[in-house]
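The values are calculated or read from the model by the stated rules, or taken from the named source; none is laboratory data. Note that the structure is predicted; figures quoted are calculated from it, not measured. Neighbour counts run over all protein chains shown; Cβ positions are idealised from the backbone, glycine included. Just the protein is used for accessible areas: all its heavy atoms, side chains included, with ligands, DNA and RNA removed. Shrake-Rupley method; radii C 1.70, N 1.55, O 1.52, S 1.80 Å.
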Amino acid sequence: MSSAPLPKWASKPCIMGIDEAGRGPVLGPMVYGCLYCALSYQKTLAMLNFADSKTLKEEKREELFENLKADDSIGWEIDVIDPRELSAKMLKRTKINLNEISHNSAIGLVKRVLDMGVLLTEVYVDTVGDAEKYRIKLSEKFPGVKFVVAKKADSLYPVVSGASIVAKVTRDRALRNWVLDETAENMQRNFGSGYPGDPETKAWLDHHKHMVFGFPTIVRFSWGTCTPYFKDFVEVVWESDKLDEDCPNNGRSKHQQKLSDLGFTGYKRKSEDIESSGKGRCKFFQARKLQLVSKF
């Protein structure tokens with residue numbers, strides 16, 4: 001919808017609903033979706049039979065999604081958060097928890113629709129965490145918009161029900177069409193619903209764990225569901241750990257060697273190229289005396 005010309009009704013007061021799909025699964029992305037329309041279209045929206053996507057069968061969700069896509073009086077947007085991004089944020093040194101990731105996604109959708117020129121006056125959101133604190137956070141971010149944050153908003157407000165369908169169908173399609181990055185011969189896609197309690201999902205995790213590399217990238221390895229598997233993995237001692245233990249000499253131990261010591265010819269970037277970038281080489285590579293190798 002972002003690339004389409006802005007409809008005339010978008011310059012009149014509009015409402016928007018926001019909901020997510022895939023917050024709980026250990027596999028696949030989390031998807032945030034929003035649906036918006038003119039305030040005057042609200043009564044018609046209520047007659048389109050949108051409902052909380054979890055209460056509908058897949059065929060019905062697909063049908064409703066195609067209907068809303070064909071409706072010129074409705075706009076929608078999505079934010080697909082990759083499982084690798086979820087794990088990276090939740091496991092980084094300064095952790096970003098799932099609630100904050102969810103809040104940021106919803107805020108991003110509001111900002112995106114406003115930046116498109118849509119005159120949002122009311123936004124309805126299915127809560128994540130404390131509803132009132134969430135409402136205040138959104139209101140402070142967008143003071144010109146009225147926010148209603150509620151539990152089970154997807155069953156209370158048709159505009160949120162529509163957003164729920166957008167998010168759920170998008171996530172379902174993403175899982176169906178997921179291209180596994182890994183190429184091991186025994187890889188298969190029968191991973192069930194992706195929820196931790198699904199026996200098929202558990203069996204898939206057990207079958208696809210790797211003693212060194214962990215799980216395929218479709219897995220949210222920051223989830224507690226994965227923790228029991230870690231005890232079987234090979235212990236890995238990282239270079240930084242080794243350096244901390246026995247490397248007081250300018251961060252370089254006897255175990256480290258330059259590539260040139262091993263017979264590699266390094267490619268040296270021109271100083272003017274480095275300076276023109278404004279950044280220079282990454283400290284990670286500088287500290288390890290690593291160079292780009294173009295010939296072997």
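Is it the case that SER40 is in contact (Cβ under 8 Å) with a residue 12 or more places away in the chain, among the hydroxyl-bearing types (Ser, Thr, Tyr), open to solvent by 70 Å² or more (accessible area, probe 1.4 Å) and more than 27 Å from ILE218 (Cα to Cα)? Answer is yes for this residue. Checked against the criteria, LYS57 does not count as free of Cβ contacts under 8 Å to residues at least 60 places away in the same chain and closer than 23 Å to VAL145 by Cα.
Listed by first and then second residue, the pairs linking a residue in region 87-105 that is at pLDDT below 95 to a residue that is among the hydroxyl-bearing types (Ser, Thr, Tyr), with Cβ atoms under 8 Å apart and 6 or more places separating them unless they lie on different chains, are SER87/SER222; MET90/SER222; LEU91/SER222. Taking region 159-184 as the range and being among the acidic types (Asp, Glu) and more than 12 Å from GLY28 (Cβ to Cβ) as the test, the residues that pass are ASP181, GLU182.
Taking region 90-172 and the helices (runs of 4 or more DSSP H) fully enclosed by it, the elements with 3 or more residues that are open to solvent by less than 10 Å² (accessible area, probe 1.4 Å) are at 98-115.
Beta carbons closer than 6 Å, at least 6 apart along the sequence or on distinct chains, pair a first residue in region 196-213 that is under 17 Å from GLU182 (Cβ atoms) and free of Cβ contacts under 8 Å to residues at least 24 places away in the same chain with a second that is open to solvent by less than 80 Å² (accessible area, probe 1.4 Å) and of a type outside the set (A, V, I, L, M, F, W, C) for HIS208/PRO216.
Only a single criterion out of (1) in a helix (DSSP H, G or I); (2) in contact with a Phe, Trp or Tyr (Cβ under 9 Å, 6 or more places away or on another chain) is not satisfied by GLU62, namely (2). One residue alone among ASP52, ASP71, ASP82 is touching an Asp or Glu at 6+ places or on another chain (Cβ under 7 Å) and acidic (Asp, Glu), and that residue is ASP52. Restricting to region 176-204, give me the number of residues that are buried (at least 20 other Cβ atoms within 10 Å of the Cβ) and part of a helix (DSSP H, G or I). Total satisfying the criteria: 2. Reported count of residues in region 21-38, each being touching an Asp or Glu at 6+ places or on another chain (Cβ under 7 Å) and not β-branched (Val, Ile, Thr), is 5. Taking GLY22 as the residue in question, decide whether it is under 18 Å from PRO158 (Cβ atoms), touching a helix residue (DSSP H, G or I) at 6+ places or on another chain (Cβ under 9 Å) and in contact (Cβ under 8 Å) with a residue 60 or more places away in the chain. Spelling it out, it is not the case that GLY22 is under 18 Å from PRO158 (Cβ atoms), touching a helix residue (DSSP H, G or I) at 6+ places or on another chain (Cβ under 9 Å) and in contact (Cβ under 8 Å) with a residue 60 or more places away in the chain. For region 43-50, the condition of being assigned to a helix (DSSP H, G or I) and surrounded by 22 or more Cβ atoms within 10 Å (Cβ to Cβ) holds for at least one residue.
Restricting region 8-37 to residues that are over 28 Å from the mean Cα position of the chain (by Cα) and among the charged types (D, E, K, R), which is surrounded by the most Cβ atoms within 10 Å (Cβ to Cβ)?
Applying the filter and picking the extreme gives LYS12.
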